[in-house]
Structure formats: C-alpha cells, structure tokens
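Everything below concerns the one structure shown next.
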C-alpha cells in the first residue's frame, strides 16, 4: 500500500479537525479499509484512526433503546448487547473472531458494503445513525452500494437501535469471504414489522416492503406465501445468479420469522 | 516515520515505523520475530494471528502504529523458556495437528484465544472459531482434535473419529 500520514486522536473534535484536510480518511478497525489500501483501491494521504476515542466505544441500553458507540468492535457488541439478542447474534457471526476483535459497527455502516451484515440490522430496526454533526435515520442513511448520507469527514459516533419485540437475522454465508450471500433481518415492533435485505441487491441494503405489510398484519410464515422479490436488480456473480439470490430472500425471510416467532 | 513502543512477549520494544507499516512487518522485520507468518496478506488465512491486549487479531490487517502502547503476544512466547511446549502446542504435536506447519502459529494463537474464552468448547464451537484460519494440508480434522485434547476433552467423540470407528 502507498504510504500515508497517521494520526490517532483521542476525542471526536480532534478527529473531525484531523479529517478536515483533503485526502484524509477515517480508519475504524481497518478490516476492510486496510485490505482495500493494499490493493491500491484507496490511497488516502492521511489516515485518522478512531480507535483511540474512548467516548465512541461501548454498549448501553435504556428506555427501550440500545446505543452502541461507533468505534465498538463486533466482539463487544456480541458480548454486551444482551438487551437486543438478535443484534448480538448478528455481531457474533460477522467475519471471523480476529475480524470481530477489530472491526467496528461505525466502520461497517460507513462503508455500506452491499453484503455486510450490520446495514440490514440498522435498516430493519429503524436505527438512528448519530454523527459528530447530526442524527440520520437509517431510512435516509443508506443510499446505494458503498454510498451513505455521510458528508466528507463526518464520523459515526454512535448508533441507536430501538429494541424490537422480536427479531432475527438469517445469513446465507458465502463461505470463503464469510460475507452474506444474502442476509435477511426481520424486526417486529408494536408499530409494525420491518424486513431488511443485504447481499442481494445491486443497490445495497433494502427494505422488502411487501413482506413487511404481510407480516405486520400476521407475523407468521404463512403470511409470506406467494410473495417473492423480482430477480431484476439482484446481484448475479459466480457465487449465485440473481434468480438464486431473489429466491434466497424469500427462504431466509421465512426462516427469520420462524426463528423470531 | 514515527516511533512506536509496545510490549512484545513481555519485553518493551521500540522502533520507527511508517504509517503503512503493518504490525506483522514490525514483528518480523524489526523485532526478528519470524514465527508469525504472512500467508495471504488479505486477512483471509489467519497465519499472522497474534494477541493484542489479549485479543486475537490478524497482524497483517493492523497497523503497527495502532499497536503503540499495546501488549502484543506472539507464537514465540507460547513455549516456556526451556522449550517446553504449552498445552496447545503439545496437543498439536501429539495429535499431528500440522503437516507443513505454515498455518500453525496462527492456529495455535487462535486456539489459545478460544480456550481462554471458552475452556471446554464443543467441536462445532472450535470449527466456528477457526473460520478465519486456513490450513491447506490437514483438512482441519487433526487441528480440531488437537484443540479438543488441549482442552482436556475426549477426542474420540468428534464426528470424523466416530465415523471411522
């Protein structure tokens, strides 16, 4: 990888200042960014590590909301998000143990990889992405593959998840990468059910609103009978055709409902 | 260049690193601790796993600068000073948990991290934990068996052993 200047601030304000220069890039756990830089697909002149900011780490629950610091590693979420078990389970199955010890929720959401697990949880939970500047609803945050509402130099400091009555994430794993070939997150709230799909669409994570409507009136697998997502716009690659992925969306949604019910 | 100082296998280590210097290169090239291997360099294979502040990480996917101030433990610190292998290493030897040995440092470091967290893992838990460690020789069977043995459990109960009986 090309060389760069490295900074490790200890406060959000210092990090924001460090990121204000051109060609500066925030570094979370580095589990995606460092491999990308090795391939020279990214070549920032300055990396600003967020791992030294104590205020951005930790998991807490209060008043029906689980709040996770943006710099919290997956392993910590897996161990400490006991107030939201489906989310803890998702975190415990991202990548592998070494990746989970470094990779962070903020990094994952900011990257918005179309096959990452966390975006589905944030979208299905109607989470709020808290940055140094504002709060962004998950519905507005994800804007297509590797694209988010974040401005240049904006940092995810925390993510707030409303805790659902029931939830489950089903990941059909691509065994070599351990990313989701398709992943479906179903979350049931008093106001209704939300279903978010990762790994499948060329537009990145999306809500399957037809399934949401059906499950909101009847939270049972039978409510999903006859529903399917079109293969058009689904990712097709050597790991699976777009038809295969579209089929998996239906299968995994049913599994998630069964597991959550 | 900037200076980093960390504790490596109980000793203070200081060196100058570039921003891009990976922890594994600092360990191997600066400190001559070549037991930690670079297999894939793409954070897939796990041959480079070391412990940073007690946690297993892929040292090819962590900057040396990020380990400034940390406590790092590598494969070199696993055996006793007189060469006596630790329980995981001994189990790998007893149960032929390696062939070429290239992945072994990472396997041992991951296994040690697993047993610290979960002293009596099931076979399924071991296989799940080793998802980030790739071995191209043994097909994993003897590695899983070694870790079962290192945790003091009966190795005859694991699936492939039962199938062979």
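The values are calculated or read from the model by the stated rules, or taken from the named source; none is laboratory data. Every value quoted in this text rests on a predicted model; they were computed, and no experiment measured them. Methodologically, a virtual Cβ is constructed for each residue, glycine included, from the backbone with ideal geometry; neighbour enumeration extends over all protein chains shown.
Observations on the structure shown:
- Flag for residue A:160 being in contact (Cβ under 8 Å) with a residue 24 or more places away in the chain and over 16 Å from residue A:255 (Cα atoms): yes
- Any hit, the stretch A:142-153, residues being assigned to a strand (DSSP E or B) and over 22 Å from residue A:233 (Cα atoms): no
- Filter result for residue A:126 (surrounded by 18 or more Cβ atoms within 10 Å (Cβ to Cβ) and assigned to a loop (DSSP other than H, G, I, E, B)): yes
- Given (1) out of contact with any helix residue (DSSP H, G or I) (no Cβ under 6 Å at 6 or more places or on another chain); (2) over 28 Å from residue A:102 (Cα atoms); (3) not in a helix (DSSP H, G or I), index of the condition residue B:156 fails: (3)
- For the stretch A:51-78, the candidate set comprises residues that are without any contact (Cβ under 8 Å) to a residue 24 or more places away in the chain and within 23 Å of residue A:198 (Cβ to Cβ); within that set, the residue that is farthest from the other protein chains (Cβ to nearest Cβ) is A:59.
- Answer from A:82, A:72 - the residue that is assigned by TED's automatic domain parsing to the domain that holds residue A:95 and within 19 Å of residue A:132 (Cα to Cα): A:72
- Single condition residue A:171 does not satisfy, out of (1) crowded, with 24+ Cβ neighbours inside 10 Å; (2) within 24 Å of residue A:31 (Cα to Cα); (3) in the same structural domain as residue A:67 (by TED's automatic domain parsing): (3)
- Restricted to the stretch A:13-50, and to residues there that are more than 22 Å from residue B:43 (Cα to Cα) and part of a loop (DSSP other than H, G, I, E, B), the residue that is farthest from the other protein chains (Cβ to nearest Cβ) is A:20.
- A residue that is under 15 Å from the mean Cα position of the chain (by Cα), crowded, with 19+ Cβ neighbours inside 10 Å and within 14 Å of chain A (Cβ to nearest Cβ) occurs somewhere in the stretch B:137-150.
- Residue in the stretch B:85-105 that is within 14 Å of chain A (Cβ to nearest Cβ) and either modelled with pLDDT under 95 or touching a helix residue (DSSP H, G or I) at 6+ places or on another chain (Cβ under 6 Å) (or both) present: yes
- Criterion applied to B:38, B:50, B:108 was being within 14 Å of another protein chain (Cβ to nearest Cβ), over 18 Å from residue B:12 (Cα atoms) and crowded, with 23+ Cβ neighbours inside 10 Å, and the one residue passing it is B:108.
- Flag not set for residue B:82, criterion: touching a residue at least 40 places away in the same chain (Cβ under 8 Å) and farther than 30 Å from residue B:20 by Cα.
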